[in-house]
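For reference, the structure discussed in these notes is given below.
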Amino acid sequence: MAEIIQLDKNTIDQIAAGEVIENPASVVKELVENAIDAGSTLITVEIREGGTSLIRVTDNGSGIEKTQVRKAFFSHATSKIRSAADLFAISSLGFRGEALSSIAAVAEVEMITKPKDALIGVRYLMDGSKEEGMEEVGAPSGTSVMVRRLFYNTPARKKFLRKPRREGALVGDLMEKLALDNPHIAFHLVSDKKEVFSSSGSGNLKELIYRIYGREIANSLIPVHVKGDGVMLHGFLGEPVVNRANRNQELFFVNGRYVRNKLLSRALEEGYQQYLMQHRFPFAVLFIELSTDLVDVNAHPSKMEVRFHEPDALYEFIRRSVAEVSRIHEMIPNVALEEEKKDKINPLLNPVPYPQPFEVNRLEETPSLFEGFSQKELLPEDETG
């Protein structure tokens, strides 16, 4: 029998990172969710080569206090919960305390952060879970996290990455879902120095659907707003004419979190089935709000899978709601529907200028994350906590 040994910290960190960080989109998801939890209204995401060589997420949120920056990179360090009991009352997107530590275990990471009431910011550097430096810097309020050379120290993981174009597409798809879930936040995605997606932060969900899915779907939406016993369903269904060949545009958000759930898909399709041909699927952007103690978001490290306390009751509520909304819509005369469509305004005729919290080109030409940073610039330990 082989000898049993205690794994070293670096190996443990890389194993843990594998549960959270699968690809560039995983990195973007964790960082953007942190930005949302920080109360940001502007979030910019920049990627190079699909995010394999560079990812930078910049926000105008609350920032992190200087004394808390190191702690933010500790494994299982979080400000979102205090005990296991809090797992059943989670209102934030993040709560595991694994994001930054997992990212830092498999990449070079730089964070620049400043709370709104602080006079100066902090720049903190990590390389494969190893601290490389910390210094005070001038910075706008908010946080910017730059990730370079993802999986550089885990070649076995790096070889499973897709081509940059495909990885970039996954990031784009993620950003669209985050924008739909947070229409009050202005998002901006730049890939290889080209803008590929932006949202105004106006709070108009129809405008976002137009930007992402186009005129045909935006002009064929059925509003949904149904209240039940301790649960609410709202959002939009697509009219039967905009049916799809797969479930890719069945989107569900539970308590402000995008989720993948077979029960929700079955309930939607069952409620809508009489209006669609076999093997066709509806377009839907649906938001489900229910008490936090009725849903378990701690089902998977990705936080995109959830368990419901009363799944049968929720299934029936969604099925009946979709069926009733669809039935009422079908009863409305076509003439009235056509008049409504004529009155619809293209939300892009007067696009909202996108404000950027940090300059896009900061460190644009820096060849290495750590160039020009020396040990003499480190803050004394007693100054950083």
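Points to keep in mind about this one:
- Residue match in segment 307-317 (condition: surrounded by fewer than 21 Cβ atoms within 10 Å (Cβ to Cβ), assigned to a helix (DSSP H, G or I) and among the charged types (D, E, K, R)): yes
- Condition check for Ser141: farther than 24 Å from Tyr258 by Cβ, among the polar types (S, T, N, Q) and modelled with pLDDT under 95: no
- Members of segment 190-210 found to be in a helix (DSSP H, G or I), more than 17 Å from Arg244 (Cα to Cα) and touching a helix residue (DSSP H, G or I) at 6+ places or on another chain (Cβ under 8 Å), listed by number: Leu205, Lys206, Leu208
- Options Phe187, Phe197; residue that is outside the structural domain of Met277 (by TED's automatic domain parsing), closer than 27 Å to Val295 by Cβ, of a type outside the set (A, V, I, L, M) and modelled with pLDDT of 95 or more: Phe187
- Considering residues of segment 196-246 that are surrounded by fewer than 16 Cβ atoms within 10 Å (Cβ to Cβ) and basic (Lys, Arg) only, the residue farthest from His329 (Cα to Cα): Arg215
- Given (1) more than 18 Å from the chain's Cα centre (by Cα); (2) not assigned by TED's automatic domain parsing to the domain that holds Thr52, number of the condition Ile209 does not satisfy: (1)
- Sole exception among (1) in contact with a helix residue (DSSP H, G or I) (Cβ under 6 Å, 6 or more places away or on another chain); (2) part of a helix (DSSP H, G or I); (3) not β-branched (Val, Ile, Thr) for Phe151, by number: (2)
- Screening the candidates Lys158, Lys163 for the property of being within 15 Å of Val27 (Cβ to Cβ), over 20 Å from the mean Cα position of the chain (by Cα) and either outside the structural domain of Leu251 (by TED's automatic domain parsing) or modelled with pLDDT of 95 or more (or both) yields one hit, Lys158.
- Selection status of Arg266, closer than 23 Å to Leu221 by Cβ, assigned to a loop (DSSP other than H, G, I, E, B), touching a helix residue (DSSP H, G or I) at 6+ places or on another chain (Cβ under 8 Å) and not β-branched (Val, Ile, Thr): no
- Subset tally (residues that are in a loop (DSSP other than H, G, I, E, B) and under 21 Å from Glu65 (Cα atoms)) for segment 123-148: 5
- Candidate set: segment 114-167, residues that are of a type in the set (D, E, K, R) and within 20 Å of Val57 (Cβ to Cβ); chosen: the one surrounded by the most Cβ atoms within 10 Å (Cβ to Cβ): Lys114
The values are calculated or read from the model by the stated rules, or taken from the named source; none is laboratory data. Just so we're clear, the structure is a prediction, and the values are computed from it rather than from any experiment. Note: ideal-geometry Cβ built from the backbone for every residue, glycine included; neighbour counts use all protein chains shown.
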